[in-house]
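See structure below.
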């Protein structure tokens, strides 16, 4: 399959987005009583009534849908939403991307909060009055046999405010249950739309708290080093097992462990022993896993959890490899 040139892809994106927005507006306005009365339940979550397949907008080429939070929109400080890992995936797989991501989203807001008010998400597919989940389900229904890939980046904001393992542990049951509900809705919608070739890939996150070795102070305080070490336990024993379990519970869904994936000199991401060190400018000698976070994200310089372009490209490469290898 040959990918469209950037300018052609932009033009096609504008055309398909107009068609999608017109379909969504028509479906909501025509609903009896309230704008959401036309929603039908799939595992307890609403799905816009599917249009006549003959009337659905014809797909010029297969679609790739992105759901989730600020990682889904490729947020970078000072830049807002960028192509991120989803742009990398779309370009390398030759798929037409539709991004439903919303900065700040949690597994609960994705299922329950209507619309997206995050300014950095302005380039995402517009939806008002319905949730991110419902918008994605409506798109699937309106484009039968056309979706090839869905990526989900969600969960980070469920535990982002935690500073201890017990706090993270307390957030896991709801995060896991919400994610399983989302995945159940997506797989049911794909089956209804005869998208038999669609794949769902969920990701986790880089362990940015390892950057506490150098931010906010370098040398780091004993408390910050202790918290950085605790973050490894939180990801390895709580966060990633919860995410992996949710994705593996649904047929056709896969999980990409970004946290432990090797990058540069790292053996297995944050699983690389902290006793293994390297020289990282301008800090001097640091654990290799910490140096990886400094290369992938803005945390070491700004305390910001988001990835550099190189970091998003790294995540994208993992998704592409998973998609091609499943």
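The values are calculated or read from the model by the stated rules, or taken from the named source; none is laboratory data. If you're wondering where the values come from, they're calculated on a predicted model, not measured in any experiment. No Cβ is skipped: glycine too gets one built from the backbone with ideal geometry, and neighbour counts run over all protein chains shown.
Residues in the range 187-205 that are within 22 Å of residue 242 (Cα to Cα) and either in contact with a strand residue (DSSP E or B) (Cβ under 6 Å, 6 or more places away or on another chain) or assigned to a strand (DSSP E or B) (or both): 188, 199, 200, 201, 202, 203. For the range 285-326, a residue qualifies if it is part of a loop (DSSP other than H, G, I, E, B) and under 18 Å from residue 151 (Cα atoms), and the qualifying residues are 306, 326. Of everything in the range 47-98 that is outside any loop (DSSP other than H, G, I, E, B), surrounded by fewer than 19 Cβ atoms within 10 Å (Cβ to Cβ) and in contact with a helix residue (DSSP H, G or I) (Cβ under 7 Å, 6 or more places away or on another chain), the residue that is modelled with the highest pLDDT is 92. Exactly one residue out of 269, 252, 264 is at positive phi, buried (at least 21 other Cβ atoms within 10 Å of the Cβ) and modelled with pLDDT under 95: that is 269. Checked against (1) assigned to a loop (DSSP other than H, G, I, E, B); (2) touching a helix residue (DSSP H, G or I) at 6+ places or on another chain (Cβ under 8 Å); (3) surrounded by fewer than 20 Cβ atoms within 10 Å (Cβ to Cβ); (4) on the phi < 0 side of the Ramachandran plot, residue 128 passes all but condition (2).
Of the residues in the range 216-239, at least one is touching a residue at least 12 places away in the same chain (Cβ under 8 Å), closer than 25 Å to residue 85 by Cα, within 16 Å of the chain's Cα centre (by Cα) and crowded, with 21+ Cβ neighbours inside 10 Å.
Only residues that are free of Cβ contacts under 8 Å to residues at least 12 places away in the same chain and either closer than 20 Å to residue 238 by Cβ or touching a helix residue (DSSP H, G or I) at 6+ places or on another chain (Cβ under 8 Å) (or both) were counted across the range 167-195, and they come to 4.
In summary, residue 165 fulfils each of the numbered conditions (1) farther than 21 Å from residue 307 by Cα; (2) surrounded by 15 or more Cβ atoms within 10 Å (Cβ to Cβ); (3) modelled with pLDDT under 95 with the single exception of condition (2). The set of residues from the range 272-284 being free of Cβ contacts under 8 Å to residues at least 24 places away in the same chain, in contact with a strand residue (DSSP E or B) (Cβ under 9 Å, 6 or more places away or on another chain) and surrounded by fewer than 19 Cβ atoms within 10 Å (Cβ to Cβ) comprises 273, 275, 276, 277, 278, 279.
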